[in-house]
1. Looking at residue 253, is it assigned to a strand (DSSP E or B) and more than 29 Å from residue 70 (Cα to Cα)?
2. If you go through segment 182-229, how many residues are closer than 25 Å to residue 30 by Cα, at pLDDT 95 or above and part of a helix (DSSP H, G or I)?
3. Restricting attention to segment 22-41, which residues are surrounded by fewer than 23 Cβ atoms within 10 Å (Cβ to Cβ) and free of Cβ contacts under 8 Å to residues at least 40 places away in the same chain?
4. Keeping to segment 42-51, report how many residues are out of contact with any strand residue (DSSP E or B) (no Cβ under 6 Å at 6 or more places or on another chain) and surrounded by 20 or more Cβ atoms within 10 Å (Cβ to Cβ).
5. For segment 99-114, give me each residue that is touching a strand residue (DSSP E or B) at 6+ places or on another chain (Cβ under 8 Å) and assigned to a helix (DSSP H, G or I).
6. For the structure I just gave you, tell me whether residue 240 is over 19 Å from residue 170 (Cα atoms), at pLDDT 95 or above and crowded, with 21+ Cβ neighbours inside 10 Å.
7. Of the residues that make up segment 263-277, is at least one in contact (Cβ under 8 Å) with a residue 24 or more places away in the chain, within 16 Å of residue 153 (Cα to Cα) and surrounded by 20 or more Cβ atoms within 10 Å (Cβ to Cβ)?
8. Does segment 275-283 contain at least one residue that is within 24 Å of residue 7 (Cβ to Cβ) and under 17 Å from the mean Cα position of the chain (by Cα)?
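The values are calculated or read from the model by the stated rules, or taken from the named source; none is laboratory data. Small disclaimer: the values here were computed from a predicted structure and weren't measured. Neighbour counts are summed over all protein chains in view; Cβ atoms, including those assigned to glycine, are modelled from backbone coordinates with ideal geometry.
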């Protein structure tokens, strides 16, 4: 049974964790720091980031990062590159869920723009800091939501013609997985960096609490039975990040029924997520939209 005590010594490793001031990101960063990693909390609100860092033990710093703005992503990547000759671990954790129809500062649908395009750009801008490091990893957090009403809508990628909160979230989380699988295909010849995905099951975080009432209310009476604490929900991410046995292109989630809760294990994603042609098309479109190309 893999748990937080299973994390090997992280001394000497530098980890960047997005959205690390609360919930799953906080627990991921905290555990890595407690096991010796130098951890950067990449967060939109630096004051909240500093408050989170003060609750952690170890070498923890804060970097401003607003994934809804490509300018902010570029500024954050430049600062991280200036401050770190190498990065061992990038955890693409931050995200939004079931937001009303709105756009990022660059005009992208909010969930797709934040959850996928922001992380796509950040990874591409930081990858040359990971590539020289044997055993380095890019871990991207997806969701069981990638199976629900999920498809990559190339004919209406920003969902301007027909918007649905669940559809938009599903598309963004499916994109997270397709990005991981295509990134791993490109990284494999280098033999140093692995791309891995994870999902937390149903965790009691702000994402759940901020869901629309139509989603939240039916779950309320059963919350304690269908959700788990953020510290448990972070375990699949931590395993993907730190377990020496993990391989590139793998996907980790809770071991319980329906992958809702439990200790982390290797899981599989939807059949659509493994469609190589769609992965590659999404990659090309993401490069065009962000203006970021990868050194692989």
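1. On the way: assigned to a strand (DSSP E or B): yes; more than 29 Å from residue 70 (Cα to Cα): yes.
Criteria met by residue 253.
2. Of the residues in that region, 0 qualify.
3. Hits for segment 22-41 are 33, 34, 36, 38.
4. Narrowing segment 42-51 to residues out of contact with any strand residue (DSSP E or B) (no Cβ under 6 Å at 6 or more places or on another chain): 43-45, 47-48, 51.
Narrowing further to those that are surrounded by 20 or more Cβ atoms within 10 Å (Cβ to Cβ): 43.
Matching residues across segment 42-51 total 1.
5. 110, 113
6. Working: over 19 Å from residue 170 (Cα atoms): yes; at pLDDT 95 or above: yes; crowded, with 21+ Cβ neighbours inside 10 Å: yes.
So residue 240 fits the description; yes.
7. yes
8. Taking segment 275-283 and keeping what is within 24 Å of residue 7 (Cβ to Cβ), we get none.
No, that holds for no residue.
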